[in-house]
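First comes the structure, then the notes that go with it.
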Amino acid sequence: MKQLNLTSLTFILFLLFSVSTFSQEKRTISGNVVDEKNIPLPGANVIIKNTNPPRGTTTDFDGNFTLEVEAEDKKIVVTYLGYQKKTISIVGKDEFKVQLQPGNQLDEVIVTALDIKRDEKSLGYAVQSLDSKEVSDVKVTNISNKLQGKVAGVFVNSSGNGPTASANVTIRGQTSLTGNSQALYVVNGIPITNGLFSPGDGLNGSTTIDFGNSSQVVNPDDIQSISVLKGPAAAALYGSRAANGVILITTKRGSDKEEGWDMEWNVQTVAKELLRKPNFQNTYGHGGYGFYSYLSGDIYTASGGVNYYDAFGENWGPRMDGQLIKQFDSNGEPVPFTPAEDNYDNFFDTGFLVSNNVAVSNNSENGDFRLSYTYLDDNDIVPNSGLTRNTLFASIGKELFDDKIKARVNLFNIRTSSDNIPNGGYDESNSIMYGWLWYPRQVPIDDLRQVWRDGQVGEQQRYVEELWVNNPWLVANENTNTHQESRIIGNATVSYDYNDKLSVRARYGVDIKDEQRQFRRATSTKAIPGQFGSYREDEITFSEINTELIVSYTDMDREKKFNYDFKLGGNMMKQRSNILSASNNQLLLPSLYTLTNNRAEVQVENPQAEKNVNSVFAFASLSWDDWIYLDATARNDWSSTLPQDNNSYFYPSFSLSTILSEQLDLSNSIFDFIKVRAAWAQVGSDTNPYLLSRTYNPQPLFGDNAAFANNSFAPNPDLKPERTTSFEIGTDIRFFENKLKFDFTYYNMLSSDQIIFLPRATSSGKQTQLVNAGEIRSEGIELQIDVTPIETEDFAWNSVINLGANEAIVESLPDGVQDSYPIVADVFPGDEGSRNLELVAVEGEKLGQLRGLGFQRDANGNIIHENGIPQLTDEKVLAGSYQPDARLGWQNTFRYKNFSFGFLFDSQIGGKIYSRGHALFATAGTITNEDDPNLNLSTLEGRAEYNISYNTAGEPVYSLRQGTGQGVVGPGVNADGSPNTTAVAPRDYFYAYYGNGFNRDNIEAATYDADWIKLRQVMLSYNLPSEFCENHGLDSVQLSLVGRNLLLITDVPTVDPETFSIRGGTFVNGFASNPLPSTSTFGLALNVKL
Amino acid sequence: MKFMKFTIKTIFACILIANLSCDDNFENVNTNPNQPEDVPSEVLITNATRSSMNSMVNESFLLANNISQITAKTLRSEVDEYNWNAFSTLWLEQYIALTDFVDAENIARDNEQTANQGASIVMQSWIFYTLTMAYGDIPYTEAISGLNSDNFTPAYDTQQAVLDGESGILARLDEAISLLQQTNQDVEGDLIYDGNASQWVKLANVLKLRTLLHLSNKRDVSADMQNIINNSMLFESNADNAVLTYLNSFPNDFPLFPLKQGDFDAVVMSESSLATFENYNDPRLGAYARPDNVTDLQTFDSPEAVYTGAENGSETGGCNKGGSRLGARYYDYPGHPVGNVRANGIISTYSEQELIIAEAIQKGIISGNAEAHYRNGIEASMVYYDVDVASFGWSSFDDFYDNSGVSDNVTLEKIWEQKWIATFFHGIEPYYDIRRMVYEANNQSGFDVSALSFLNVPCANQNDGVMPVRFLYPGDEESLNSENYNIAVEALGGNTQNATPWLFE
């Protein structure tokens, strides 16, 4: 990595010097400035760039100018009121024809569906966009996270799941009973996959390792803009997959810049630190009920009548006051029992994220190109984890035959590789976080760095106890999940302008993903079958190919009052996926990770899938006198995944925009601009392949015997497409010379005929049945307020608020669903006899209720106790919905001379989160529990403490210390209403409180209000003075201090509430399943343009 | 005009797109390349045998062995404490296995694979027996109705109908026997008997005997049992045992081998069974348990070996939870020598059959020499576990039998005690047997555990020392098959662990 940095630096410096050595004579240039219709523009300003005071001239009556320029002058800037400014290179050229395009600040051009560029004012639906600066100012590894706080109505949840962590992106909230409502990602008009690709979850079941959703690879430095098409009306042209909105990414191209050469260099280095830590206790160590003495590390409680508790795996042991106790690694000698307070910090590294981008572009009359290379190196805070990503991007455009034919190719080649993607959650063999739940508070983590027992390297790990947990260094350094991904995202477009009005555009887009993953589990890893260690390789290939043809008939002549744009097109989409997964579940030789080093048959799975969707669509956009705009779209899809007779579905959309300010006389008012818009749309949707007929699922062989099983779902040959119908209205009002802008949207959306797996009684032979059912209504508002209170030559302050409020209500559930429909039936696989915690849908309630057992309470809400133990309900209860009421972002930007300073707050208001991690940490006695808003009881109270001595046989003898072990009295009442006064052992209390011992099936105890505020981003920039740049042949140099996620304010204990779980390839909202810690980042960024 | 021409060309282009799509026949595209639409019955039999047996082994380990106090749980001890939630995995996993067996039966019938048809019925009967014995009334005749119809809410049959009805499992076993006897075919995909149809006939008869003994408190089963003893093929030795011999590697090894040590150690020898083993100095102890003080396999049976037993019951309430771990055949300890004999999955054994017969004779249900079968049963169990009688101080099995006290005054309780020990890991049978024995020891008027001399009232038990008589129906049924579930629960008087099923009414 360091080497590469150096190489790119040298390269840059080389180019830098080679450019600055150009020089020319003093001379005179001349030119002619015209508008889009070739009519000369008199009085246009022509200024030499970077001159102070400005040197320049204005055009004469015929639009002509002449200007004397100096040797070092490189560019001129041409401006004219009501037209977009244009910057032109004058190097090596003396004659210019400058054509300006109409437009002003009000007419922001936005990329919409099918890559159609539109004036924002003409849109009848809500779209919000981010420019290239906003996308790339502070680097993130997952591009989706840049939308956080910046776009009203877009709910982006990140999580601490390592360098490839997925971002859970929903626009206008969750709308589906299947739990999957991810937005569609489109790059340069062509959809790309955003799949999770998590076949078979982790190595041996349990948690999903988060290899990340696929869209994250798009490189921020190559992005010109991101448009977020929020509702179905905006997205209808993208068909099925756009029902949840579209994130439209447009890449940079040479023609974005003025004619000539451009170069840019961006480098950023930030450090990553833990943002949130559990509130560890440092008073009591490993053991149970005050007992602990090490014998062999495999005695859960007692052996031969003696209490050892040396593999109890919890921190309910003796007080760490330095008394002499036999401990792990003390060779049978009693040694002082003292806390190792800084273990957590000592284990995690300071991470580093380095991003280095070089781009060269050229624009000329003959065509344009842009080449860019980016190197990203993300060293995570989890030791031995991180990723590197190399992105090559090329965009080449060419205009032929008098500009009648335009051709362009955009191509990304992205190679990502990682030495280890760390896992969180409850995966015993692979989750660092599983170990921290139980980690003995008295054992210094550094003492475990030697992971192997003497003489048993690679064969037998060394750890504090033998029953449950793996050495965290073994997990980090040996049990790795590596991956290498190669991704090609590209498209080629050819358009032909037959005449002024008629044109054809053909486009071919590919998205090819080829990924290998290797999962290693060292020999002696607990929870791996037989503890022989294991190895698995996945080969994942995915491709999506889109072929599109559009015919346009357009007249946008602004001289006329009536303008129109008609388009008719077709698209063929083919998806292919092939996953080859081979598992060597038991290694033969220890810790040798190959498929052939196997003591059992290697298990191979090879699911393949194919899906085609053919579409025909039409689009009409009409405008009258620049103030009324009417759009209509229609699309018909034919999907291979639906039954032959039912595989065609049609859906229309309409939208209307009126610019009232064009018709009203506002010259004496505070208003500058008033727009009112409305839209209605319907979108249909299909499903996954192979759900229509009954098939048999291959199972591992038994010896020579082949084995197949019936699938657990009943297929449905009569499946219908899903439907989403939406309506939205909005307004865009600007006041005080655009110093205050206000944009408001209300929407109402109904999703019906959802394709779901309806649970069925297992006694029927099927566990689910595929049906169309259920209705979910989503309603919400989006509000943006953009204020510029101060704007002077030297100082400016801009403040933007983005608010999105959404509520999705379950209007109806399928017949046969009694009280709730399980979106995820079993969030945490439980023990025999436990009642699973679920994420469910309940008719009439908000979508996404957390469900499990609750407390028995009296009329005043006090928890009812029996013999000092809190009592739980027999039936499951609802603990509220994960759905936040709103997400609120607040961005502030200050500019003073060459300095600029910006900060972004992002927050969630409302919603619930269940924290499995907190429940586990508390029952393990590992944290104090003092920050728990639900239970005012510390784990340090009422514990029994013993003086420990050893008899002649070397066995521990315990004598109770006076005044200890009085137990804790839980806050609440007895069944008769009297206050609870019965004390019980604190461990017993905590286990009962969080849910029936190890069942942990009480949803109420660890469900919290998930409100949070984050200081999402801070950036302080300094632009080097233009004279300085000029002198060194540079356009601009910007130096910045950057930071992300610097502050978190929340009442949720132990974990960062901005998180989610993943089960079976789907995001599970509202459940934090002991994720890896989230991080804050801060560092330096440099941007050089020449 | 030009425009018209161009539009027509374009439309042609669009049609071309549409045509191209027709070439790619959607039906072909949506045909699953990974999963066949038809399979022969044997691949389903193989899969369902493995999955049902794996589930039974796990339930033996987690539930039946502990409820019956052969072993005890050291944590998550609600089972031993008689504080039962729904044990839904037994229900769910066995109905999933039944789906494949029912499908296999149908496919075998259509393809005239008579032996496969018969074996599928035997396996179904074994599973339905296990389910009705655990829960009471269950979906039976309508079970698995969602496989070939749209009925996803199968009605329940009474426990009486399932066990003893016209199309109950006794009748179904007869149907299987007649199918297996009328063919020369082997059973294909057979993991139990390697295809031998006549051994399947024997198993069917033993399952009938087992069922009839349980029915003996409800009706006179003498004639039925005597008829089987006199006229039917039965197990003749351990060679006829209905066991699944697991392979030596995942995922086809004995289901406890893949466990984490902590989860395996969560079950240890019980104080109750240890007392019986030590009382007779029974060499099977060296097979069932691993000594506390040695790790060397050779000394499992040595006099120095120290074995302990944990109290069944609460893990917290001051109960003794220290006990010897289960034997070498059930788990490989990291760093310990690996046993050369690995445990099998058990449906039934010759030993169980002999002790069933001994009990029936002892009770006068059938005629014969009870002690001879009693002795056979014990010896068969010892042979099955390949015990080393010498290291427990016995010169031979005869020496053990004659001098350990086992053969002194062979009462019904002694037969029970030996059957209790012998049915270790026989699916859920240890619980069903112990439950019946406790019931009979209480003169068919309750389930007070203390009535059975070789059991202990669990430490800190939560059910007044009364053994629960049934498993709770899973929540799955309550929410997804509620109409039928409610009828069953109403008949039962509540979905509780103490609600009396028909067998004990």
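What to note about this one:
- The conditions of being farther than 20 Å from A:Thr724 by Cβ, surrounded by fewer than 21 Cβ atoms within 10 Å (Cβ to Cβ) and more than 11 Å from every other protein chain (Cβ to nearest Cβ) are not met by A:Ser621.
- Among residues of the stretch A:261-290, those that are of a type outside the set (Ser, Thr, Tyr) and part of a strand (DSSP E or B), counted: 16
- Enumeration of residues in the stretch B:442-467 that are more than 23 Å from B:Gly318 (Cβ to Cβ) and within 24 Å of the chain's Cα centre (by Cα): B:Phe447, B:Leu452, B:Phe454
- Some residue of the stretch B:15-23 being closer than 30 Å to B:Asp282 by Cα and either among the polar types (S, T, N, Q) or modelled with pLDDT under 80 (or both): no
- Total residues in the stretch A:529-577 satisfying the condition of being within 30 Å of A:Asn481 (Cβ to Cβ), hydrophobic (A, V, I, L, M, F, W, C) and within 8 Å of another protein chain (Cβ to nearest Cβ): the figure is 0.
- Residue list for the stretch A:940-952, filter: assigned to a loop (DSSP other than H, G, I, E, B) and in contact (Cβ under 8 Å) with a residue 60 or more places away in the chain: A:Leu940, A:Arg943, A:Ala944, A:Glu945
- Of the strands (runs of 3 or more DSSP E) lying entirely inside the stretch A:747-862, those containing at least 2 residues that are within 14 Å of chain B (Cβ to nearest Cβ) and in contact with an Asp or Glu (Cβ under 8 Å, 6 or more places away or on another chain) span A:849-855.
- The residues on offer are B:Tyr374, B:Tyr384, and the sole one that is modelled with pLDDT of 95 or more, among the aromatic types (Phe, Trp, Tyr), over 19 Å from the mean Cα position of the chain (by Cα) and within 19 Å of B:Pro430 (Cβ to Cβ) is B:Tyr374.
- Residue satisfying all of: in the stretch B:303-320; touching a Ser or Thr at 6+ places or on another chain (Cβ under 8 Å) and either at pLDDT below 85 or on the phi > 0 side of the Ramachandran plot (or both); farthest from the other protein chains (Cβ to nearest Cβ) among these: B:Pro303
- Residue list for the stretch A:661-696, filter: of a type in the set (S, T, N, Q) and surrounded by 17 or more Cβ atoms within 10 Å (Cβ to Cβ): A:Ser661, A:Gln682, A:Ser685, A:Thr687, A:Thr695
- When the stretch B:359-377 is limited to residues that are closer than 18 Å to B:Asn230 by Cβ and among the small types (Gly, Ala, Ser), the one that is surrounded by the fewest Cβ atoms within 10 Å (Cβ to Cβ) turns out to be B:Gly364.
- Hey, A:Glu955 in contact (Cβ under 8 Å) with a residue 24 or more places away in the chain and surrounded by fewer than 19 Cβ atoms within 10 Å (Cβ to Cβ) or not: yes
- Residue within the stretch B:51-66 that is buried (at least 20 other Cβ atoms within 10 Å of the Cβ) and more than 15 Å from the chain's Cα centre (by Cα) present: no
- Hits in the stretch A:852-871 - residues which are under 23 Å from B:Glu478 (Cα atoms) and modelled with pLDDT under 95: A:Gly852, A:Leu853
- Pairs are defined by a Cβ separation below 7 Å, a sequence spacing of at least 6 or placement on different chains, a first member in the stretch A:490-506 that is acidic (Asp, Glu), and a second member that is part of a strand (DSSP E or B); the pairs so defined are A:Asp497/A:Ser503.
- Only one of A:Ala527, A:Ala522, A:Ala609 that is at positive phi and within 34 Å of the chain's Cα centre (by Cα): A:Ala527
- Scanning the stretch B:471-502 for residues that are in contact with a Leu (Cβ under 8 Å, 6 or more places away or on another chain) and either in a helix (DSSP H, G or I) or of a type in the set (Lys, Arg) (or both) yields one hit, B:Asp476.
- B:Asn148 satisfies every condition listed in (1) under 17 Å from B:Trp91 (Cα atoms); (2) within 11 Å of chain A (Cβ to nearest Cβ) except (1).
- Among the residues listed as A:Ser240, A:Ser225, the single one being modelled with pLDDT of 85 or more and outside any loop (DSSP other than H, G, I, E, B): A:Ser225
- The listed residue being touching a residue at least 24 places away in the same chain (Cβ under 8 Å) and touching a strand residue (DSSP E or B) at 6+ places or on another chain (Cβ under 8 Å), out of B:Ala155, B:Ala134: B:Ala155
- Residues of the stretch B:237-273 that are crowded, with 23+ Cβ neighbours inside 10 Å and assigned to a helix (DSSP H, G or I): B:Ser272, B:Ser273.
- Failed item, numbered, when A:Glu559 is tested on (1) assigned to a strand (DSSP E or B); (2) more than 36 Å from the chain's Cα centre (by Cα); (3) surrounded by fewer than 16 Cβ atoms within 10 Å (Cβ to Cβ): (1)
- Number of positions in the stretch A:406-442 that are surrounded by fewer than 20 Cβ atoms within 10 Å (Cβ to Cβ) and either over 30 Å from A:Thr391 (Cβ atoms) or over 26 Å from the mean Cα position of the chain (by Cα) (or both): 4
- Taking the criterion of being within 14 Å of chain B (Cβ to nearest Cβ) and within 22 Å of A:Ile927 (Cα to Cα), the residues of the stretch A:294-342 that qualify are A:Tyr300, A:Thr301, A:Tyr309, A:Asp310, A:Ala311, A:Phe312, A:Gly313, A:Glu314, A:Trp316.
- Meets criteria (in contact with a strand residue (DSSP E or B) (Cβ under 9 Å, 6 or more places away or on another chain), modelled with pLDDT of 95 or more and within 14 Å of another protein chain (Cβ to nearest Cβ)) for A:Asn471: yes
The values are calculated or read from the model by the stated rules, or taken from the named source; none is laboratory data. As the structure is a computational prediction, the values presented were derived from the model and not from experiment. Cβ atoms come from the backbone with ideal geometry, glycine included; neighbour counts cover every protein chain shown.
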